[in-house]
Amino acid sequence: MKREKVVLAYSGGLDTSVAVKWIQERYDLDVVCLTVELGQGEDLEPIKKKALETGAVEARAIDARRIFVDYFVWPSLLAGSLYEGRYPLATALGRPLIAKLMIDVAREAGAVAVAHGCTGKGNDQVRFDVAFQMLAPELRIIAPVREWRMSRPEEIEYAAKHGIPVETSGAKAYSIDQNLWGRAIEAGPLEDPWVTPPSDAFQWTRDVADTPDQPAIVEIGFEQGRPTSLDGETLDGVALIERLNELGGQHGVGRIDQVENRLVGIKSRELYEAPAAVILHQAHRELETLTLSKEAQRFKTHVSQACADLVYNGLWFSAFHHDLMSFVASSQRFNTGTVRVRLAKGTCVVEGRKSDYSLYAPALATYAEGDQFDHDAAVGFIKLHGLGQKTQAQAQLLKAAEEVPRIELIPPSGEGDD
Ligand code: ARG
């Protein structure tokens with residue numbers, strides 16, 4: 001009798017390789033391995049080969065870099081999504097796309113289940129499982145690493161027993177996940193938040209001490225919020241991000257050392273290398289200072305935080321996310337223009353910004369000749385702006401100054417200056 005199938009998200013690493021065998025033994029299913037290329041910089045052919053050698057009945061690979069950039073990375077850039085103000089969400093953005101592609105393959109192959117190699121204490125299991133539950137409730141979810149409770153040595157023993165190759169380079173000090181939008185490094189020596197990041201944790205970015213003395217100046221062109229060119233050269237998203245990762249990395253830009261709050265209730269220390277993401281978020285936000293009204297700019301900070309939380313917490317496909325993105329998309333209608341940044345010694349500094357839709361009005365802003373600002377109108381404006389305050393001061397504050405507890409903004413004289 002033919003066995004039923006499961007589609008496993010396969011990276012080629014130890015966990016998912018062991019999972020191929022373990023699923024066959026534990027669940028008696030045929031395993032179809034799917035590797036999704038999101039720009040993690042690994043060759044797909046050897047990974048497919050390893051999947052088959054490990055016992056998969058089929059090994060597929062999908063290059064989803066374009067989709068990743070157009071439908072996941074750019075929207076999150078437009079939204080200004082940085083988790084807890086810093087993490088550009090590379091891993092969190094990749095998961096819903098991988099989940100969606102797994103579902104497509106599962107349906108095409110007639111599989112009854114999907115499987116991933118996430119542990120039981122991370123965010124990624126949530127991102128996968130929520131996406132599966134929402135988009136394909138008919139599929140069973142198998143999470144071998146969460147279920148098997150093997151220690152690392154037991155896993156290696158299991159691998160050896162089944163002839164699964166284990167890299168014994170000893171360089172496996174960290175747990176790493178990477179795609180075009182960034183590289184995340186955790187565990188090993190980093191588990192102590194006091195420990196200085198060892199230099200071997202970084203691969204994409206140079207140490208500041210090794211960066212060139214000559215800064216790099218780059219002009220980034222945006223159309224309705226989407227980056228479309230570098231120094232006037234039109235580039236597709238994948239190429240643009242790759243180029244900024246390269247250039248930013250050379251100048252030591254994009255390192256983040258963050259203690260973050262996971263969804264599952266624990267704090268974890270993570271390092272990120274995300275040169276393109278750091279540069280593009282900064283430049284994008286800068287362009288908005290010209291093209292968004294004061295009100296839209298302020299309101300958008302709330303939307304940015306809500307979007308970042310949603311994405312981090314695995315709710316990419318939620319209706320609320322869709323609703324928030326309608327605001328984001330609308331806010332970007334006039335966010336077209338160019339930002340010039342300077343990359344040097346680990347820093348990215350904006351040097352200039354321009355837009356045909358700029359709300360910056362030189363004739364109103366200038367202190368030189370040609371000033372069109374109505375100075376006389378300021379007097380009446382201030383009178384009304386302060387009217388409520390003036391009324392309250394007279395009716396309450398000036399009368400009750402002695403009885404009311406005050407916030408001391410300036411220490412009373414005599415105190416503390418002996
Ligand atoms: N902490 C990040 C997140 O939850 C990245 C996790 C990446 N995984 C890793 N093994 N470094 O999105």
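The slack in the chain from Arg3 to Arg342, taken as 0.36 nm per residue of separation less the alpha-carbon distance, amounts to 116.2 nm. May I ask you to sort Ser17, Ser331 by Cβ crowding, counting other Cβ atoms within 10 Å and putting the fewest first? Exposure proxy ranking, most exposed first: Ser331, Ser17. The mean sequence distance of close C-alpha pairs (under 8 Å, at least 6 residues apart), as a share of the length of segment 1-155, puts its relative contact order at 25 percent. For the residue pairs Lys121/Lys161; Lys5/Lys50; Lys5/Lys100, the alpha carbons lie more than 21 Å apart in Lys121/Lys161.
Based on C-alpha pairs under 8 angstrom that are at least 6 apart in sequence, segment 1-42 has a relative contact order of 49 percent. Distance between the 7 Å Cα→Cβ label points at Ala363 and Glu233: 4.0 nm. Normalising the average separation of contacting C-alpha pairs (under 8 angstrom, six or more residues apart) by the number of residues puts the relative contact order of the chain at 16 percent. Panel order for Leu364, Leu292, by other beta carbons found within 10 Å of each beta carbon, from fewest to most: Leu364, Leu292.
If R0 equals 56 Å, the separation of the Cβ atoms of Gln396 and Glu157 corresponds to a calculated FRET efficiency of about 0.15.
Each of Gln203 and Glu351 was given a label point 7 Å from its Cα along the Cα-to-Cβ line. The distance between the two points is 3.2 nm.
Counted by Cβ distance under 11 Å from Pro275, the other residues give a net charge of +1, where Lys and Arg count +1 and Asp and Glu count -1. May I ask you to derive the FRET efficiency for Gln297 and Glu108 from their Cβ-Cβ distance with R0 = 51 Å, giving the value to the nearest 0.05? The value I calculate is 0.70.
Estimated purely from DSSP H runs of n ≥ 4, each contributing -39500 (n - 2.57), the mean residue ellipticity at 222 nm for the chain is -12000 deg cm²/dmol once divided by its residues. The ranking of Cys348, Cys33 by Cβ neighbour count inside 10 Å, starting from the fewest, reads Cys348, Cys33.
Quick note: the coordinates plus some simple rules give every number you see, no bench work behind them. Computed from a prediction, not measured in an experiment: that's the story for all the values here. Here the Cβ is made from the backbone with ideal geometry for all residues, glycine too, and neighbour counts use every protein chain on show.
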